[in-house]
Structures are given as structure tokens and as C-alpha cells.
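Everything on this sheet refers to the single structure shown next.
The values are calculated or read from the model by the stated rules, or taken from the named source; none is laboratory data. Everything quoted here is computed from the prediction, not taken from an experiment. Using ideal geometry, Cβ is built from the backbone for each residue, glycine included, and neighbour counts are taken over all protein chains shown.
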Amino acid sequence: MDLSDPIADVKGITQAELTDRLVRNSFIRSGWVISVEKGDSFETSAAKWDRLTVAFSDDYDGDVSNALVLKVFRKGWFGGGVLEWEFYNELAPKTPGTHVCPVYDGGIDHTNKICHLIMADLSGTHTEPPMNAKDRPHEQVVAELLKYHVRWWNDPRLETRTFYVRHGGPLRMAQAIAKEDIYVNCRAFEPALRDFSKDAGDELLPSWIETTERVIAKYPEVFHARVSGGQNITLLHGDAHVWNLFYPKNAATDRLILFDWETYKRGIGAYDLAYMLVHGTSGRRQIESGLMNQYYQGLIAGGISSYSHDEFIRDFRLSIISCVFCPLIWKRVISMKFAMEAYEDWGCEELLK
């Protein structure tokens, strides 16, 4: 797809404008958009979303859904918007067997930090995860993650400049980048810990604070030592919790779809799994062993032969340490509790000595 002029507001979308964009990207082969009905709006941390219902002329021939959504990224998430466009336009098409949300148009204005995507609205065919954690298809989620991890394992594309640009946000410590950038990222969590401790008061146990101080001090050296050689590195989703997936209402006709790719990065594959278990679902201890076995065996079945089980276990433990950072930005005591429990269960302190 070619980039279009960026859209800053849903009011800028007309029948003629939308037709032009869809024709230019070859999603309409004949006919045109005859109506655009603007639906409800909602917001997430990264973007504002507007639902659109479109109708086409009688001679329409194309590949566009009648239900669309306009995603306009907040200025603070502009970089993530650029990354998500690159994912859908360049990386997803080169990852066999995956199922992604159709994207029909995108625009980027680097000067004014405007970025948008026009995507299919999947709310008609897909739903949120089941409320009961034991009913969630964790195995399907791991299988979807494996498709990306296996395909991009040690791929030269991960050594390009795009993957070495330092990210912000709470998920930054999983990013395998230059040594000085890892240290810069980590230092930003020192004031975050102070602020969190002040806000949470007695809810944060003194032992948690002491552990987190050691993690901030020691993690950069340990993490850089692991990733500096560039071995056994892959493409991470970076925010792989169970609410970042669309679950099919009809499994016979539709597939699970992993979305919100604005935080993808190069890093240790075990991080996506550890993050999902620690921060992305519940009942970690009951499902952890089975999913870890599924993940490792999936790597082997995918042809990753130079990665031992011991290396995987160490990477998983190191990824648990990465998960300690996130609650400092989120300022969620329950998330810190989950991270500390996993840290203790896996003896992660040993890795920092």
C-alpha cells in the first residue's frame, strides 16, 4: 500500500475521499463508495477510534468491508502509529499463516505527528476474551505468537535501524537495543518507582521496593549481555495480553486475530509468553507449565534447532524480570503483586547476582 494524506479527524472522510483512497490501494476494482455513515467513537491509550458504515454502488467490485474503523493516533503515540503501519504494510504480509485485521489506508505526517489507519471493524465477527479465565483459548494465543517468533527468529531485518530506535512507555525494557539506550531506558524507572511508592503508600511492600531497586540497578547489564550478540532474537508483539486479541464468534469461519501492533520490537521471544502470563491473564501458576511446553516445542517444530531448553528457561526468567518494570508506569499495585510472585517463583534474584 502507498501512504495517503493523513487524516486528523473523522469529519474529513467523505464518499469521494474514501473512494479515492480505496481505489488507490487497489481495494476497489470498480464502483465507488456511495455513503459513509459515522457511528460511535471510543478512545484507548494510543488512539481515538471512529466506526464507519459504508455502502457501495451497484457495480462495486472489491475487497472492502462495509464496517470500517478510523484509528487516529495521539501525538504521544505517533511513533507507535508509524510502527504499526510498517507492521501491516511490510511485516505481516511476510509472516505466513497469520491472521491480521485488514488495513485499507494509512497516512503519516512526521512534522505535525499525525498518523491514521483505516481498518476493518471486526466487532461484528469477533468478540472480547471470555470473562472466565479458564475459558480463554491460551493455547491458540501461544500458537499465534509462535508464527511470528519462528518466522522472524534471527532474521536480518531485525538488525535494521527501525528496530534499534529506542522506545518509550512501560514496555521498553523488553527491547533489545544498543547498550547505552538500555541504560537510558532503565534510569527512567528510578523516578517512576519513587512516584509509585509515594502514591501507593503502605500497599507496596518494602520487600517489593527493595527488589525493584535491585532490578533497576542490575537488569541493564544482565539483559544487554544476553542480547548483545544478536543470537536467538525475534520479533515481539510487545503487549501480548489476552485483551489485545479479537476472538471469533464463529470459529468455523473466522480466526483469532492479534492486534494493536504499535509496540512491536526485537527482543527475546519468551518475553511475549512471560508478559501474557504475568500481566495479560490470570491463574498463571495453573496454566504456566503447559503453555511453556507448548511454546518451546513449537519453536522446535518450527525449525529453531540451536536454542536449548535451558536457554529458553533462562530467557523466560529474564523476561519475568522485564515484567517488573511495567507496574511502575501503570501504578497498579495488583500488577506489582503479580510480578513479584512470578519473580519469587522463578528465583529471578539469582540472575542479578
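Quick check on the stretch 338-348. Is at least one of its residues modelled with pLDDT of 95 or more and touching a Phe, Trp or Tyr at 6+ places or on another chain (Cβ under 8 Å)? Reasoning before the result, please.
Step one: filter the stretch 338-348 for residues modelled with pLDDT of 95 or more, giving 338-348.
Those still in the list that are touching a Phe, Trp or Tyr at 6+ places or on another chain (Cβ under 8 Å) too: 340, 346.
Within the stretch 338-348, one or more residues are modelled with pLDDT of 95 or more and touching a Phe, Trp or Tyr at 6+ places or on another chain (Cβ under 8 Å).
Only residues that are surrounded by 18 or more Cβ atoms within 10 Å (Cβ to Cβ) and closer than 10 Å to ARG266 by Cα: list them for the stretch 150-171, please.
TRP152, TRP153, LEU158, PHE163
Tell me, which helices (runs of 4 or more DSSP H) wholly within the stretch 294-350 include 2 or more residues that are over 30 Å from ARG194 (Cβ atoms)? Spell out the reasoning first.
Values: elements: 309-322, 326-330, 333-345.
By residue number, 309-322.
Can you confirm whether GLU180 is farther than 30 Å from GLU90 by Cα and either assigned to a loop (DSSP other than H, G, I, E, B) or modelled with pLDDT of 95 or more (or both)?
Working: farther than 30 Å from GLU90 by Cα: no; either assigned to a loop (DSSP other than H, G, I, E, B) or modelled with pLDDT of 95 or more (or both): yes.
Judged against the criteria, GLU180 is not a match.
Could you check, for the stretch 91-107, whether at least one of its residues is assigned to a loop (DSSP other than H, G, I, E, B), over 23 Å from GLY280 (Cβ atoms) and not basic (Lys, Arg)? Outline the logic, then answer.
Restricting attention to the stretch 91-107, the residues satisfying the condition of being assigned to a loop (DSSP other than H, G, I, E, B) are 95-102.
Adding the requirement that they be over 23 Å from GLY280 (Cβ atoms) leaves 96, 102.
Subsequent filtering for residues that are not basic (Lys, Arg) retains 96, 102.
Yes, some residue in the stretch 91-107 is assigned to a loop (DSSP other than H, G, I, E, B), over 23 Å from GLY280 (Cβ atoms) and not basic (Lys, Arg).
For the structure I just gave you, tell me whether MET340 is more than 17 Å from ALA176 (Cβ to Cβ) and in contact with a Ser or Thr (Cβ under 7 Å, 6 or more places away or on another chain). Give the steps one after another, and end with the answer.
Values: more than 17 Å from ALA176 (Cβ to Cβ): yes; in contact with a Ser or Thr (Cβ under 7 Å, 6 or more places away or on another chain): yes.
So MET340 fits the description; yes.
Which residues, taken from the stretch 1-47, are of a type in the set (Lys, Arg), surrounded by fewer than 17 Cβ atoms within 10 Å (Cβ to Cβ) and closer than 24 Å to LYS75 by Cα?
Start the filter on the stretch 1-47 by keeping residues that are of a type in the set (Lys, Arg), which leaves 11, 21, 24, 29, 38.
Now narrow it down to the ones that are surrounded by fewer than 17 Cβ atoms within 10 Å (Cβ to Cβ): 11, 24, 29, 38.
Scanning the stretch 1-47 gives LYS11, LYS38.
Just to check your reading of the model, which residue among HIS237, HIS224 is under 12 Å from VAL141 (Cβ atoms), under 22 Å from the mean Cα position of the chain (by Cα) and in the same structural domain as ILE177 (by TED's automatic domain parsing)? If you could, list the steps in order and put the result at the bottom.
Working: HIS224 fails: under 12 Å from VAL141 (Cβ atoms).
So the residue among HIS237, HIS224 that is under 12 Å from VAL141 (Cβ atoms), under 22 Å from the mean Cα position of the chain (by Cα) and in the same structural domain as ILE177 (by TED's automatic domain parsing) is HIS237.
If ASN185 satisfies all but one of (1) modelled with pLDDT under 95; (2) of a type in the set (S, T, N, Q); (3) closer than 25 Å to TRP330 by Cβ, what's the number of the condition it fails?
The one condition ASN185 does not meet is (1).
Rundown of residues vs (1) in contact with an Asp or Glu (Cβ under 8 Å, 6 or more places away or on another chain); (2) on the phi < 0 side of the Ramachandran plot; (3) not polar (S, T, N, Q), yes/no style:
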{"residue": "PRO6", "(1), (2), (3)": "yes, yes, yes"}
{"residue": "THR14", "(1), (2), (3)": "no, yes, no"}
{"residue": "VAL23", "(1), (2), (3)": "no, yes, yes"}
{"residue": "ARG29", "(1), (2), (3)": "yes, yes, yes"}
{"residue": "GLU37", "(1), (2), (3)": "no, yes, yes"}
{"residue": "ALA67", "(1), (2), (3)": "yes, yes, yes"}
{"residue": "TRP85", "(1), (2), (3)": "no, yes, yes"}
{"residue": "THR95", "(1), (2), (3)": "no, yes, no"}
{"residue": "VAL100", "(1), (2), (3)": "no, yes, yes"}
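Could you check GLU17 against (1) without any contact (Cβ under 8 Å) to a residue 12 or more places away in the chain; (2) within 12 Å of GLY62 (Cβ to Cβ) and say which number it fails?
With respect to (1) without any contact (Cβ under 8 Å) to a residue 12 or more places away in the chain; (2) within 12 Å of GLY62 (Cβ to Cβ), GLU17 is out only on (2).
For SER282, indicate whether it is in the same structural domain as MET131 (by TED's automatic domain parsing), farther than 24 Å from TYR264 by Cβ and not in a helix (DSSP H, G or I).
So SER282 fits the description; yes.
Hey, ARG255 hits all of (1) under 20 Å from HIS138 (Cβ atoms); (2) free of Cβ contacts under 8 Å to residues at least 24 places away in the same chain but one; which does it fall short on?
Of (1) under 20 Å from HIS138 (Cβ atoms); (2) free of Cβ contacts under 8 Å to residues at least 24 places away in the same chain, only one is false for ARG255: (2).
Given the criteria part of a strand (DSSP E or B), modelled with pLDDT of 95 or more and in contact with a helix residue (DSSP H, G or I) (Cβ under 9 Å, 6 or more places away or on another chain), does LEU70 qualify? So that I can check it myself, show each step before the final result.
Values: part of a strand (DSSP E or B): yes; modelled with pLDDT of 95 or more: yes; in contact with a helix residue (DSSP H, G or I) (Cβ under 9 Å, 6 or more places away or on another chain): yes.
Yes; evaluated as a whole, the condition is true for this residue.
Identify the single condition in (1) surrounded by 14 or more Cβ atoms within 10 Å (Cβ to Cβ); (2) over 17 Å from THR98 (Cα atoms) that SER228 does not satisfy, given that it satisfies every other one.
(1)
If you take the residues in the stretch 93-111 that are over 21 Å from ALA67 (Cα atoms) and in contact (Cβ under 8 Å) with a residue 40 or more places away in the chain, which one is surrounded by the fewest Cβ atoms within 10 Å (Cβ to Cβ)? I'd like the intermediate steps shown before the answer.
Applying the first criterion (over 21 Å from ALA67 (Cα atoms)) to the stretch 93-111 yields 93-98, 108-111.
Still in the list and also in contact (Cβ under 8 Å) with a residue 40 or more places away in the chain: 94-98, 108-109.
Values: LYS94: 11, THR95: 15, PRO96: 8, GLY97: 12, THR98: 18, ILE108: 19, ASP109: 15.
If we take residues in the stretch 93-111 being over 21 Å from ALA67 (Cα atoms) and in contact (Cβ under 8 Å) with a residue 40 or more places away in the chain, then PRO96 is surrounded by the fewest Cβ atoms within 10 Å (Cβ to Cβ).
Residue by residue, here is whether (1) closer than 25 Å to PRO191 by Cβ; (2) modelled with pLDDT of 95 or more holds:
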{"residue": "TYR247", "(1), (2)": "no, no"}
{"residue": "ASP254", "(1), (2)": "no, no"}
{"residue": "LEU277", "(1), (2)": "no, yes"}
{"residue": "SER282", "(1), (2)": "no, no"}
{"residue": "GLY302", "(1), (2)": "no, yes"}
{"residue": "SER306", "(1), (2)": "no, no"}
{"residue": "LEU318", "(1), (2)": "yes, yes"}
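Could you tell me which of the residues GLY283, GLY302 is in contact (Cβ under 8 Å) with a residue 12 or more places away in the chain, at positive phi and more than 20 Å from the chain's Cα centre (by Cα)?
Result: GLY283 is the single residue among GLY283, GLY302 that is in contact (Cβ under 8 Å) with a residue 12 or more places away in the chain, at positive phi and more than 20 Å from the chain's Cα centre (by Cα).
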